[in-house]
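Some notes on the structure that comes next.
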Amino acid sequence: MSDAFRSGASGSRATRRTALGLILGTPLLGACSSVQQTLSQFSSPFSSSQPANTPAGAPQQPVSVGSGQVKVGLILPLSAGGNAGAAAQSMKNAAELALSEFLNPNLQLLIKDDAGSAQGAQQSAQQAIDEGAELILGPLFASSVPATAQAARSKGISVIAFSTDSSVAGRGVYLFSFLPESDVNRIVEYAASIGKRSFAAMLPENAYGNVVEAAFKQAVPRRGGRIAAFERYGADRASAARNVAQALGQADALFLADDGDAVVTVADALAAAGANLQNIQLLGTGLWDNPHVFSSSRLQGGLFAAPDPTGFKSFARRYRGKYGTEPVRTATLSYDAVALTAALSRTQGGQRFTADVLQNPSGFAGIDGLFRFRADGTNERGLAVMRVSSGGAAIAAASPKSFGA
């Protein structure tokens, strides 16, 4: 048993003993795909709200897991079509694993299938609340979060959802996913700490690029830097690449935020436009966690923000031992969410899921490392900085052990 969730609410700053494997300071990163990339398959604004390459299955019946007095709803698209249904099943398994690894949890999970629809999410939330749920975990789709929140707010119940869309966060609605803003803030902060002051950037002309642009244009001046060149691109990258390549003499860092396949193509376009990418520090987001990035000669030495790999490896090993299959990368989110609720129900008494407790500025630590919820419903993650190499990603800077003010 290890020290894991730290809760400073209600005057306590003590480290709490909780589920196996939740070790302070050991966050994680999937070996082949990032949390953001996996989540963005399901959560707008980064793609359509639900993959539809496979028909939806029959709705799954509600399940109650655990016998504790504290009831928590868990809403997942278990019968949704495409990859979403498989991901939801893996997240359900991880939630049950967390409950089994926590020592005598006073918790009962009310697991509901929303079938991937907003109406289903609202009905599931209402059912869980009617059955005594004090907190709602989920849903996964951004489009389902407002409907869930509507049912929960009428009873003063908080929601901890798994969407990457910051626009659905708000009063009493917290996001437990990895948000692009955290990646941007961490990598810009680190670049500034190693002396980078002048930044160029190329970002995709899509919703993900919009979110990253806003964060980047705030983070750079906040860290004392300037933006020497900034371009967006669509299907044709050549024009943007030429403009950035011409301005690289005025920059000492180049920020590229796109998924693994696309960022390799962007690097190739920059090289074709005359940019010498070996003479500038390349920066990226968690979407760089991709084998194509690691095998690209142009991206070697690039830095990107992401969770430390350690925790996921341990979690995946335990998951395989219990279920005989590999977990999806998003499974750690439901594991940590359930472990958090179990820890708070043990340590915080009747205040366990209040805003003061959930917004504890000291934050908490789980498999995915440090995290804390903000008053606006978004979150902050303690991320590592990873360096691209042909053998994968190596840690350039460890994840923080605690949050600053």
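The values are calculated or read from the model by the stated rules, or taken from the named source; none is laboratory data. Just so you know, these numbers come straight off a predicted model, no measurement behind them. Note that each Cβ is placed from the backbone with ideal geometry, even for glycine, and that neighbours are counted across all protein chains shown. Accessible surface is based on the protein model in full, side chains and every heavy atom, while ligands, DNA and RNA are left aside. Shrake-Rupley method; radii C 1.70, N 1.55, O 1.52, S 1.80 Å.
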Tell me, what HN-Hα J-couplings in whole Hz come from the Karplus equation 6.51 cos²θ - 1.76 cosθ + 1.60 at θ = phi - 60° for each residue of the stretch 202-207, using x for Gly and Pro?
10, 10, x, 8, 8, 5
Taking just the C-alpha trace of the chain, give me its Rg and Dmax in Å.
20.9, 65
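Taking N as the number of residues in the stretch 85-177, what is its alpha-carbon radius of gyration divided by 2.2 N^0.38 Å?
Values: Rg = 12.7 Å, N = 93, 2.2 N^0.38 = 12.3 Å.
Relative to the rule-of-thumb radius for its length, the stretch 85-177 sits at 1.03.
May I ask you to rank Phe230, Phe373 by accessible area, largest first, using a 1.4 Å probe over the protein chains only? Write out the running numbers ahead of the final one.
Values: Phe230 50, Phe373 10 Å².
Accessible-area ranking of Phe230, Phe373, largest first: Phe230, Phe373.
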Set of lysines near Lys217 by C-alpha distance (under 26 Å), chain-local residues within fewer than 8 positions excluded:
Lys196
Where the centroid of each part is defined by its Cα atoms, how far is the stretch 169-237 from the stretch 245-319 in Å?
14
Straight-line reach check, Lys112, cutoff 20 Å on alpha carbons, 8 or more apart in-chain or any other chain, hits among aspartates and glutamates -> Glu96, Asp130, Glu131, Glu134, Asp336
Once phi is turned into θ = phi - 60°, what whole-Hz ³J(HN,Hα) does the Karplus curve with 6.51, -1.76 and 1.60 give for every residue of the stretch 381-386, x standing for Gly and Pro?
10, x, 9, 8, 10, 10
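Which FRET efficiency value, to the nearest 0.05, do you get for Asp356 and Arg317 by plugging their Cβ-Cβ distance into 1/(1 + (r/R0)^6) with R0 = 35 Å?
Working: r = 36 Å, r/R0 = 1.03.
The formula returns an efficiency of 0.45 here.
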Would you mind calculating the gained length between Gln246 and Ala394 on full extension (0.36 nm times residue separation, minus the Cα-Cα distance), in nm to one decimal?
50.2 nm
Potential extension, Ser297-Gln278 segment - 0.36 nm per residue separation minus Cα distance
5.9 nm
For Glu326 and Gln127, what is the calculated FRET efficiency with R₀ set at 41 Å and r taken between the beta-carbons, to the nearest 0.05?
0.85
Can you give me the long-range amide H partners of Arg223? Hydrogens built in the peptide plane at 1.01 Å from N, cutoff under 5 Å, separation of 5 or more residues or another chain.
none
Once you place label points 7 Å from the Cα toward the Cβ at Asn210 and Arg171, how far apart are they in nm?
2.5
Quarter of the Cα convex hull surface for the stretch 177-283, i.e. its orientation-mean projected area (nm²):
6.2
With Cα springs under 10 Å, the Gaussian network model of the chain assigns the largest mean-square fluctuation among Gln218, Gln122, Gln300 to Gln218
Read phi for every residue in the stretch 257-264 and hand back ³J(HN,Hα) as whole Hz from Karplus 6.51 cos²θ - 1.76 cosθ + 1.60, θ = phi - 60°, with x for Gly and Pro.
10, 7, 6, x, 5, 5, 5, 5
In whole Å, what are the Cα extents of the stretch 291-380 along the three principal axes, biggest one first?
55, 34, 17
Inter-label distance for Ser239 and Glu189, nm, one decimal - labels placed 7 Å from Cα along Cα-to-Cβ:
3.7
Treating the angle as unsigned and between 0 and 90°, give the value, to the nearest 10°, between the Cα long axis of helix 82-101 and the longest Cα principal axis of the chain.
60
Helix 331-347 versus the longest principal axis of the chain: what is the Cα-based angle in degrees, 0 to 90, to the nearest 10?
50
